[in-house]
Amino acid sequence: MSSIDTLLTRKSHGKLVHPAPSKEQMTRLFKLALRAPDHALLKPWRFLVFEGESLVKLGELMVEASLKTDSELSAEKLEKIANKPLRAPMVVISIVCYKEHPKVPKIEQVLSSGASVQNLLLAAHLEGIGVKWRTGSLAFNRHLMDNLGLQANEQITGFIYLGQEEGRKATLKHPDQSEFVSWYSE
Ligand SMILES: Cc1cc2nc3c(=O)[nH]c(=O)nc-3n(C[C@H](O)[C@H](O)[C@H](O)COP(=O)(O)O)c2cc1C
């Protein structure tokens, strides 16, 4: 199979189970994530890795942040929030760290963070590790960012769930290129 054919089989997966990727595997994944395109080499990214008991703690921080936003949340809703990080044996939080630069606006730094996450996803695919990139309102919740120790110039760009894929994989659909690509030759 060619490299492109291999990459074309990448597909996110929602049901992720133990074992979590090993530290050695994650080191390889981050090696690729940290090679994302990056204007002026600002390296405007960092990652928080949660596994084991720390996933429970992450759920608690999510509950605390959600209650600060809406103190009326039902017990059912709060339980759902607490269980969010338990949907996989590992969650990586990707963060964009904005840096002041005369030629690199914020949007370029967000794009670079997105590219680093995509590199991580592709590396996971090549290593046979299941992944799903999620956000949701908690990714934009400043209380959660504070609880996680993010600085004012930092923002969450994703909750990346990792583990072994379980269950049937959804069918891959390859978009019709003519809808998305316009060619100009003269
Ligand atoms: C920035 C970003 C945030 C996303 N957030 C969510 C999310 O919160 N929940 C979800 O089900 N999918 C989310 N997705 C989409 C999935 O990660 C995935 O890309 C989508 O289901 C399509 O599947 P595929 O990656 O296999 O093509 C997000 C994607 C991106 C790029």
remark   = The condition of being part of a helix (DSSP H, G or I), away from the ligand (no atom under 13 Å from the Cβ) and under 15 Å from residue 155 (Cα atoms) holds, among 81, 107, only for 107
task = Could you list all residues from the range 41-70 that are touching a Leu at 6+ places or on another chain (Cβ under 7 Å) and not in a helix (DSSP H, G or I)?
result = 48, 50
message = If I filter the range 115-130 for residues that are over 18 Å from residue 39 (Cβ atoms), within 11 Å of the ligand (Cβ to nearest atom), among the aliphatic types (A, V, I, L, M) and not in a helix (DSSP H, G or I), do I get at least one hit?
response = no
key: Tabulated pairs, the range 36-65, first over 11 Å from residue 85 (Cα atoms), second in a helix (DSSP H, G or I) and acidic (Asp, Glu), C-beta under 7 angstrom, 6+ apart or interchain   = 39/108
request  = Kindly indicate whether residue 19 is over 20 Å from residue 95 (Cα atoms) and either surrounded by fewer than 19 Cβ atoms within 10 Å (Cβ to Cβ) or of a type in the set (Asp, Glu) (or both).
outcome  = yes
key: Which numbered condition residue 146 fails, given (1) at pLDDT 95 or above; (2) not in a helix (DSSP H, G or I)   = (2)
inquiry  = Between 20, 75, 88, which is modelled with pLDDT of 95 or more and within 16 Å of the ligand (Cβ to nearest atom)?
reply    = 88
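Rundown of residues vs (1) under 23 Å from residue 42 (Cα atoms); (2) surrounded by 11 or more Cβ atoms within 10 Å (Cβ to Cβ); (3) basic (Lys, Arg), yes/no style:
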{"position": "130", "(1), (2), (3)": "no, yes, no"}
{"position": "139", "(1), (2), (3)": "yes, yes, no"}
{"position": "150", "(1), (2), (3)": "yes, yes, no"}
{"position": "167", "(1), (2), (3)": "no, no, no"}
{"position": "170", "(1), (2), (3)": "no, no, no"}
{"position": "173", "(1), (2), (3)": "no, no, yes"}
{"position": "179", "(1), (2), (3)": "no, no, no"}
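The values are calculated or read from the model by the stated rules, or taken from the named source; none is laboratory data. Bear in mind that the values here come from a model prediction, so they are computed numbers and not experimental data. Cβ sites come from the backbone with ideal geometry, for glycine too, and all protein chains shown count toward neighbours.
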